[in-house]
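Here's the structure we're looking at; comments come further down.
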Amino acid sequence: MSVTPLIPAPAFRGRIGRDPRSGHYAVPRRYRLHLSPGHDDCLGIAVVHGLLALDEICPVTLLDPVPDRADGGHSVLRPLYEASAHHYRGPAVAPVLSDGWSGRIVSTHARDIMRDLARSFTPAAGPVLYPSGAEAELAAVEELCARVADPAVLPGVLDLLERRLTAHSHVVGDRLTAADVQVWAALVRRDRPGRGTGHPALWSHVRNLTAHPAFGRHL
């Protein structure tokens, strides 16, 4: 079935481990991710999930890449949306972080989900994707990635990222962070003129990340 996805503003923004009154404690196997391979936000979440080896801690349900409803939503997600919002009428879209204890949605906001997975379930030997002291830089890169879809500002965004990666081995400093994940998810499926020659440091970084199993296996 061919549909034109309608992606609304995030409807649910609960957090894991942020507010004791929410009841969303960081308990292994309490939560589940529902991800669509065709959605860039889901791609970034899947990479974070893989980097942190969270298969047993937070299981993943992979949805069909093509939504099966005319509104751009997934039928399988409708029970979660309807249980979480009285008389919900919008499309049931991914990504979704659901709570197995309540049968409701915790969050549909990709950035919050990535942060909460990394901060609540980071293994002792895992990468520190949100290092202390880098919050402002990580937020700046998030904003850049949010602008990639606008053709009018894309060249400027690529220029800024090129300058970062000319000065350092990674987008923020010299180690892998969530910024690399977000840049990769925003750009890896883009096919644009000059990709092979323009912004060489940026596209080389994207290719190197794709070669990493936690990244490339999700394409």
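Observations on the structure shown:
- Flag: residue 117 does not match the condition of being surrounded by 22 or more Cβ atoms within 10 Å (Cβ to Cβ), more than 16 Å from the chain's Cα centre (by Cα) and under 16 Å from residue 13 (Cα atoms).
- Qualifying residue in the range 139-155 (condition: outside the structural domain of residue 180 (by TED's automatic domain parsing) and either assigned to a loop (DSSP other than H, G, I, E, B) or free of Cβ contacts under 8 Å to residues at least 24 places away in the same chain (or both)): no
- For residue 169, the conditions (1) in contact with an Asp or Glu (Cβ under 9 Å, 6 or more places away or on another chain); (2) of a type in the set (Gly, Ala, Ser); (3) within 26 Å of residue 126 (Cα to Cα) are fulfilled apart from (1).
- Some residue of the range 67-85 being closer than 17 Å to residue 114 by Cβ and of a type in the set (Val, Ile, Thr): no
- Filtering 29, 18 for residues that are assigned to a loop (DSSP other than H, G, I, E, B) and at pLDDT 90 or above leaves a single hit, 29.
- Being more than 22 Å from residue 122 (Cβ to Cβ) and among the aromatic types (Phe, Trp, Tyr) is a description that does not apply to residue 184.
- Subset tally (residues that are in a helix (DSSP H, G or I), at pLDDT below 95 and over 21 Å from residue 111 (Cβ atoms)) for the range 203-219: 2
- Test for residue 159: is it out of contact with any helix residue (DSSP H, G or I) (no Cβ under 8 Å at 6 or more places or on another chain), closer than 26 Å to residue 36 by Cβ and assigned to a helix (DSSP H, G or I): no
- Residue check for residue 206: touching a Phe, Trp or Tyr at 6+ places or on another chain (Cβ under 9 Å), surrounded by 16 or more Cβ atoms within 10 Å (Cβ to Cβ) and farther than 27 Å from residue 16 by Cβ: yes
This table checks each residue for (1) assigned to a loop (DSSP other than H, G, I, E, B); (2) surrounded by 13 or more Cβ atoms within 10 Å (Cβ to Cβ); (3) at pLDDT 95 or above.
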{"position": "164", "(1), (2), (3)": "no, yes, yes"}
{"position": "170", "(1), (2), (3)": "yes, yes, yes"}
{"position": "176", "(1), (2), (3)": "yes, yes, yes"}
{"position": "179", "(1), (2), (3)": "no, yes, yes"}
{"position": "189", "(1), (2), (3)": "yes, no, no"}
{"position": "196", "(1), (2), (3)": "yes, no, no"}
{"position": "201", "(1), (2), (3)": "no, yes, yes"}
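- Selection from the range 106-138 of residues that are of a type in the set (Asp, Glu) and touching a residue at least 24 places away in the same chain (Cβ under 8 Å): 112, 116, 137
The values are calculated or read from the model by the stated rules, or taken from the named source; none is laboratory data. The structure presented is a predicted model; accordingly, all values stated were derived computationally and were not measured. All Cβ positions, even for glycine, are placed from backbone atoms using ideal geometry, and neighbour counts span all protein chains on display.
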